[in-house]
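K.L.:
This is the structure I want to talk about, given as structure tokens.
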Amino acid sequence: MFTRRQALMGVAAAAMLAAMPALSAAANETEIAALPREKVTLVAPPFVHAHEQVATTGPKVVEFIMPIVEKPVVIDDEGTTLQGMTFDGSIPGPMMVVHEGDYVELTLINPDSNSMPHNIDFHAATGALGGGALTLINPGEQVKLRFKATRTGTFVYHCAPEGPMIPWHVVSGMSGTIMVLPRDGLKNDKGEPIAYDKVFYIGENDFYIPRDENGDFKSYDSHGESYADTLEVMKGLVPSHVVFNGAKGALTGENAMKAKVGETVLIVHSQANRDTRPHLIGGHGDYVWEEGKFANPPAKDLETWFIRGGSAGAALYTFLQPGVYAYVNHNLIEAVELGATAHFLVEGDWNDDLMKQVEAPGPIPIN
Ligand SMILES: [Cu+2]
């Protein structure tokens with residue numbers, strides 16, 4: 001079965017890479033060992049662990065621990081269940097934040113309660129399939145990967161075992177984001193420093209749940225049992241669900257993201273598999289790093305931005321009016337019918353100058 005074959009392929013790839021001569025390194029192990037270390041506890045999205053925007057120290061080794069959790073996940077209000085695969089128990093996986101020049105040291109754990117091999121491909125990393133070739137682990141194993149964060153920006157990470165396992169694991173929930181900040185923080189289009197009061201991480205997922213002969217969503221007792229049917233739906237490229245943070249309604253109502261008028265919010269949006277087009281209804285993107293790379297100046301005053309499948313972007317916005325803002329994938333069918341809608345709940349005073357209902361709805365006057 002694929003489990004054993006995957007494991008063998010992974011061992012072969014790792015052995016091949018281990019046998020390669022070490023290329024000249026910018027820093028040797030002694031120098032890296034002398035760096036300060038920081039242990040970071042990850043938090044579930046849309047929240048992000050505490051971090052400095054401007055680094056107050058030199059480079060360090062930032063340690064993260066992530067268990068992989070295979071588990072059923074309810075993805076809509078009808079109780080439709082995905083045979084989920086997750087980094088750290090959440091869909092998407094948690095956002096990590098480091099600074100350029102830091103070393104990311106991840107301990108990836110595949111508990112023996114899981115049924116499949118997994119790994120991690122960091123789009124922020126250089127070499128060995130983004131770390132994928134060095135991190136393939138079977139249930140009951142763990143691995144430690146270190147990579148240097150050399151490029152700034154927001155980058156997707158995802159599981160990438162092999163062949164059809166790759167898209168299957170990704171559309172089962174195995175993706176997340178790492179944000180590599182410039183050491184001196186974010187800058188606007190003129191190169192001037194800018195900062196955020198809050199950061200939210202929104203991961204968008206397309207799910208492919210098979211239907212039975214009556215058109216109802218099927219449920220399965222295990223990942224293995226769901227695999228063949230799910231692969232057939234995946235190959236049709238028509239998702240049954242397009243959601244933020246793992247489920248329809250995961251970021252609406254009680255779970256709306258909260259802000260105040262005058263607060264500047266950084267919204268990081270990832271999609272590991274499929275293109276999307278975020279839009280904040282009633283607001284804008286003051287500064288948008290559409291491709292998510294902070295070495296490039298941000299675009300200004302955007303209406304809707306584009307996140308390429310396999311990437312994460314970032315938008316900075318200062319809220320100017322109170323109320324509920326819908327934040328959507330502006331393919332409105334995907335937003336409304338398939339689930340890709342979140343809410344921001346913003347408190348503060350209304351500004352009549354920016355908008356006022358001059359006359360309430362009423363009958364059309366008869367002349
Ligand atoms: Cu996986």
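The values are calculated or read from the model by the stated rules, or taken from the named source; none is laboratory data. Remember, it's a predicted structure, so these values are computed and weren't measured experimentally. Cβ sites come from the backbone with ideal geometry, for glycine too, and all protein chains shown count toward neighbours.
K.L.:
Hey, can you tell me all the residues within the stretch 74-104 that are part of a strand (DSSP E or B) and crowded, with 20+ Cβ neighbours inside 10 Å?
P.N.:
Filtering the stretch 74-104 down to residues part of a strand (DSSP E or B) leaves 74, 81-87, 90, 96-99, 103-104.
Within the stretch 74-104, Leu82, Gln83, Gly84, Met85, Thr86, Phe87, Ser90, Met96, Val97, Val98, His99, Val104 qualify.
K.L.:
I'd like the full set of residues that are in a strand (DSSP E or B) and not basic (Lys, Arg), limited to the stretch 192-214.
P.N.:
Within the stretch 192-214, Pro193, Ile194, Val199, Phe200, Tyr201, Ile202, Gly203, Glu204, Asn205, Asp206, Phe207 qualify.
K.L.:
Name the residues in the stretch 157-191 that are within 14 Å of the ligand (Cβ to nearest atom) and assigned to a strand (DSSP E or B), would you?
P.N.:
Correct list: Tyr157, His158, Ser175, Gly176.
K.L.:
If you don't mind, there's one more thing I want to ask. Here are Ala272, Ala228: which of them is among the small types (Gly, Ala, Ser), surrounded by 18 or more Cβ atoms within 10 Å (Cβ to Cβ) and either in contact with a helix residue (DSSP H, G or I) (Cβ under 7 Å, 6 or more places away or on another chain) or at pLDDT 95 or above (or both)?
P.N.:
Ala272
K.L.:
Take the stretch 77-95 and flag every residue that is of a type in the set (Gly, Ala, Ser) and either more than 14 Å from the ligand (Cβ to nearest atom) or farther than 18 Å from His51 by Cβ (or both).
P.N.:
Gly79, Gly84, Gly89, Ser90
K.L.:
Quick check on my filter: what residues within the stretch 308-342 are of a type in the set (D, E, K, R) and either assigned to a strand (DSSP E or B) or under 21 Å from the mean Cα position of the chain (by Cα) (or both)?
P.N.:
Result: Arg308, Glu334.
K.L.:
Right, something else. Which residue pairs have Cβ atoms closer than 7 Å, lie 6 or more positions apart in sequence or on different chains, and pair a first residue in the stretch 152-175 that is farther than 25 Å from Ala295 by Cβ and touching a residue at least 60 places away in the same chain (Cβ under 8 Å) with a second residue that is among the aromatic types (Phe, Trp, Tyr) and away from the ligand (no atom under 12 Å from the Cβ)?
P.N.:
Trp168/Tyr227; Val171/Phe207; Val171/Tyr208
K.L.:
Looking at the stretch 129-148, which of the residues that are in contact with a Leu (Cβ under 9 Å, 6 or more places away or on another chain) and over 13 Å from Asn119 (Cα atoms) is farthest from the ligand (Cβ to nearest atom)?
P.N.:
Among those residues, the one meeting the criterion is Arg146.
K.L.:
How about the stretch 50-103: which of its residues are closer than 26 Å to Asn114 by Cα and either touching a Cys at 6+ places or on another chain (Cβ under 6 Å) or of a type in the set (Ser, Thr, Tyr) (or both)?
P.N.:
Step one: filter the stretch 50-103 for residues closer than 26 Å to Asn114 by Cα, giving 63-76, 79-96.
Scanning the stretch 50-103 gives Thr80, Thr81, Thr86, Ser90.
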